[in-house]
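**Student:** Can you read through this structure? Questions will come right after.
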Amino acid sequence: MLTAERMYAERGVNGVSLREIGAAAGQLNTGAARYHFGSKIGLINAVFEQRMVPINALRCEMIDALIADGETRSVRRLAEAFVHPLASALGDRGNPTWYVRFAVTAGDCEGAAPTRAAQQEWTSGFDHLQHLMIDALTDLPAPLREQRWRLFNSFVAHSLADREALLEMPEPPSWFPRELFLSTVVDTAVALITAPVSVATALMLEGAHR
């Protein structure tokens, strides 16, 4: 699974075969990946489950805390509950990781676990957070809230994936300390998901619903 995670992150899910993964993992039987996981999707979902169990547990803890504090409408705290658990999968200089890049490239595959989030126990926190965030966007027209959530989700995932790639570089072109970087990602994600609707967008939305 570690080999698959790395190779899918580096080459994309269509850029590597199960046979290549088996060989790179040192398996004498290059069909071992298919034997153990059944298919590419089976292997992808096994990687997601392995990584998402601790991420989901941390996310659920953060959601429980903000519910206890009565802050389910705090977009910033909701954003933190999205960003920080996922960022816990990031390594550091000299300790590279591949999960976030894997998640970005593999998450849209038909049959992959993220496309069936509500059906997975280990993505329950993601599903709960999505509902809380959409409910918190009271200043936005209802038809736009899910679209903003998708943009928010994509921005965070790609930002963390870029950070993960930089960690592998011996001399990254730009560098923020981890906590400053994450705080900046949260700032930007909150600004993105709560951005005021322009007059032009409002007029187009009104026309689309006539």
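**Student:** So, LEU43, is that one more than 20 Å from ARG11 (Cβ to Cβ) and surrounded by 15 or more Cβ atoms within 10 Å (Cβ to Cβ) or not?
**Tutor:** no
**Student:** Taking LEU140 as meeting all but one of (1) modelled with pLDDT of 95 or more; (2) surrounded by 21 or more Cβ atoms within 10 Å (Cβ to Cβ); (3) not charged (D, E, K, R), write down the number of the exception.
**Tutor:** Just one mismatch for LEU140, condition (2).
**Student:** What is the one condition in (1) in a helix (DSSP H, G or I); (2) surrounded by fewer than 21 Cβ atoms within 10 Å (Cβ to Cβ); (3) of a type in the set (S, T, N, Q) that THR123 does not satisfy?
**Tutor:** Condition not satisfied by THR123: (2).
**Student:** Right, next: Tell me, which helices (runs of 4 or more DSSP H) wholly within the stretch 1-101 include 2 or more residues that are farther than 28 Å from ALA191 by Cα?
**Tutor:** Counting at least 2 such residues, we get 2-11, 18-24, 32-37, 40-68.
**Student:** Restricting to the stretch 169-194, give me the number of residues that are surrounded by fewer than 15 Cβ atoms within 10 Å (Cβ to Cβ) and touching a residue at least 40 places away in the same chain (Cβ under 8 Å).
**Tutor:** Number of matching residues: 1.
**Student:** Can you find even one residue in the stretch 17-39 that is β-branched (Val, Ile, Thr), surrounded by 16 or more Cβ atoms within 10 Å (Cβ to Cβ) and at pLDDT below 95?
**Tutor:** Yes, the stretch 17-39 contains a residue that is β-branched (Val, Ile, Thr), surrounded by 16 or more Cβ atoms within 10 Å (Cβ to Cβ) and at pLDDT below 95.
One line per residue, one yes/no per condition, for (1) of a type in the set (Asp, Glu); (2) in contact with a strand residue (DSSP E or B) (Cβ under 7 Å, 6 or more places away or on another chain); (3) under 26 Å from GLU179 (Cα atoms); (4) at pLDDT 90 or above:
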site	(1), (2), (3), (4)
ALA106	no, no, no, yes
GLY111	no, no, no, no
LEU144	no, no, no, yes
TRP149	no, no, yes, yes
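**Student:** Return the only residue of THR184, THR138, THR188 being among the hydroxyl-bearing types (Ser, Thr, Tyr), under 27 Å from CYS60 (Cβ atoms) and outside any helix (DSSP H, G or I).
**Tutor:** Checking each option against the conditions leaves just THR138.
**Student:** Within the bounds of the stretch 54-66, is there any residue that is surrounded by 19 or more Cβ atoms within 10 Å (Cβ to Cβ) and at pLDDT below 95?
**Tutor:** No, that holds for no residue.
**Student:** Return only the number of the condition from (1) in contact with a Leu (Cβ under 9 Å, 6 or more places away or on another chain); (2) part of a helix (DSSP H, G or I) that SER174 does not satisfy.
**Tutor:** Result: SER174 fails condition (2) only.
The values are calculated or read from the model by the stated rules, or taken from the named source; none is laboratory data. Everything numeric here is computed off the predicted structure, so don't read it as measured data. Backbone-built Cβ (ideal geometry, glycine too); neighbour counts: all protein chains shown.
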